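Asks: Submitted below is the structure of interest, expressed as structure tokens.
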Amino acid sequence: MGKKQTKLVVIGGGTGLSTLLRGLKHHPFDITAIVTVADDGGSSGRLRDDYDIPPPGDVRNVIAALSDIEPLVEQMFQYRFSASEDLRGHSLGNLMLTALTDITGDFNHAISEMGKVLKVHGRVIPAANKKINLHAVLEDGSIIEGESKVPTATKRIDRVFLVPENVQPLPEAIRAIQRADYILIGPGSLYTSIIPNLLVKEIGEAVVKAKGRKIYVCNLMTQKGETISYTAGDHVSAIHKHVGASFIDSILVNDEELPNPVKELYKEERAEPVTFDVAKLESMGLEVIRRDIATIRSDGTVRHNATNVAEWLVDYAGIYDR
């Protein structure tokens, strides 16, 4: 008999989640990705409203990240139309997921079937199987409606909530969380990619009760409109506040100083490297893990280094030591 695979649940959305999964799929993890469906902008938002389905965009990116197909096929799946007025902005993968949902009558079933076609490593599960809306309450009590509008906030966000609030998760998402050896939360936009998953009440409760180790992969940079001047401790506090419990065991932070040209580029967007307030994090009971996990792309933007994060987790979990 072969070795038992380490069960890994990754919760998030946006580019952060798909970046991370590209590194993890090359190792013997049994991966379940639970993906946010709060997006209401762009191609995803249009299809969501036209077909009354959850937005397919984040799910599409995760399927592409976990797939084992020829690069040209992935390029086609991710292809975004530009010339046609009717199709402009839509990606082929979004249209395929919408068509499959319309045919099968079930978004989650469509994801599962698409996963078979694209040879996905693991399972991709939406945080909810129906359309939901994200709202943000700002510190002055005003409310912003819609995930795409939250980053335009000019005042600090107090909290976010879902409408409807009593949305039900898929049973397989809860089972995966209960069975997981490790639960990775993030990286991704705090209020629009990470917290919305945990606001699905049964998902949040299952994560709190889960026996697996819960690790927050901290964002590298703050975000205009969402987390201006937030420290790592502020990120963790916001997650705990929304779930109603302190449950994160460990936090993975970047240990390398970013070069000044990168900082200057982000300063123009009112963003900066996240400060890692280690004393605060440790006082909250977290294990603080520092690693070189950032990579700078040719355009000067900073992303998590998928290979380095995956290799750290492999080492941390003792995958090859058994």
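The values are calculated or read from the model by the stated rules, or taken from the named source; none is laboratory data. Note that the structure is predicted; figures quoted are calculated from it, not measured. For neighbour counting, all protein chains shown are included, and Cβ atoms are generated from backbone atoms with ideal geometry for every residue, glycine included. Heads up: the accessible areas ignore ligands, DNA and RNA and are worked out on the full protein's heavy atoms, side chains in. Shrake-Rupley method; radii C 1.70, N 1.55, O 1.52, S 1.80 Å.
Asks: Rounded to the nearest 5, what % of the DSSP beta bridges within the chain are antiparallel ones?
Replies: Here the antiparallel bridges make up roughly 35 percent for the chain.
Asks: Between the alpha-carbon centers of segment 105-169 and segment 185-225, tell me the distance in whole angstrom.
Replies: Here the two parts' Cα centres lie 12 Å apart.
Asks: Continuing with this model, one more query. Once you compute Rg and the Kirkwood Rh from C-alpha atoms, what is the Rg to Rh ratio for segment 98-140?
Replies: Checking Rg against Rh, the ratio lands at 1.20.
Asks: May I ask which of K4/K201; K224/K263; K7/K116 have a Cα-Cα span longer than 22 Å here?
Replies: From the list (K4/K201; K224/K263; K7/K116), the Cα-Cα distance tops 22 Å for K4/K201.
Asks: Still on this structure, please answer the following. So what's the Cα pair-distance distribution over segment 1-144, bin width 5 Å, in %?
Replies: Taking all Cα pairs of segment 1-144, the binned fractions are 2, 10, 18, 22, 19, 13, 8, 5, 3, 1, 0, 0 percent.
Asks: Just how large is the dipole of the chain about the Cα centre, in debye to the nearest 20, putting +1 at every Lys and Arg Cβ and -1 at every Asp and Glu Cβ?
Replies: In total the dipole reaches around 740 debye.
Asks: How big is D, in µm² s⁻¹, for segment 223-287 by Stokes-Einstein at 4 °C and 1.567 mPa s if Rh is the Kirkwood radius over C-alpha pairs?
Replies: The estimated diffusion coefficient comes to 100 µm²/s.
Asks: Quick check: from the Cα gyration tensor, does segment 124-173 come out rounded (a/c under 1.5), prolate or oblate?
Replies: prolate
Asks: Go through segment 1-103 and name the trypsin sites (Lys or Arg not before Pro) that are in a DSSP coil and have 11 or fewer other Cβ atoms within 10 Å of their Cβ.
Replies: Counting only loop positions with at most 11 other Cβ atoms within 10 Å, the trypsin sites (Lys or Arg not before Pro) in segment 1-103 are K3, K4, R88.
Asks: Just want to confirm a number: the relative contact order over segment 119-254, from Cα pairs under 8 angstrom separated by 6+ residues, in percent.
Replies: Result for segment 119-254 is 24 percent.
Asks: Can I ask one more? From the helices alone, meaning DSSP H stretches of at least four residues, give me the mean residue ellipticity at 222 nm for the chain, per-run term -39500 (n - 2.57), in deg cm²/dmol to the nearest 500.
Replies: -11000 deg cm²/dmol
Asks: Could you state the accessible area per residue of the chain in Å², with a 1.4 Å probe and every protein chain left in place?
Replies: Computed with neighbouring chains in place, this is 45 Å² per residue.
Asks: Then there's this: Taking every DSSP beta bridge that has both residues in segment 168-322, what percent is antiparallel when rounded to the nearest 5?
Replies: Taking every DSSP beta bridge within segment 168-322, about 25 percent pair in antiparallel fashion.
Asks: Work out the P(r) tail for the chain: percent of alpha carbon pairs separated by more than 23 Å, whole number.
Replies: 56 percent
Asks: Can you give the extra length, in nm with one decimal, that the chain gains between K149 and D49 once fully stretched, where that is 0.36 nm per residue apart less the Cα-Cα distance?
Replies: Extending this stretch completely gives an extra 34.4 nm.
Asks: Using mean Cβ contacts within 10 Å as the protection proxy, how do 14-20, 172-178 order, highest first?
Replies: Per-residue Cβ counts within 10 Å, averaged per peptide and sorted highest first, yield 14-20, 172-178.
Asks: Relative to a virtual label point 7 Å from the Cα of A245 in the Cα→beta-carbon direction, which members of segment 165-184 show backbone nitrogen distances below 13 Å?
Replies: It comes to 178, nothing else.
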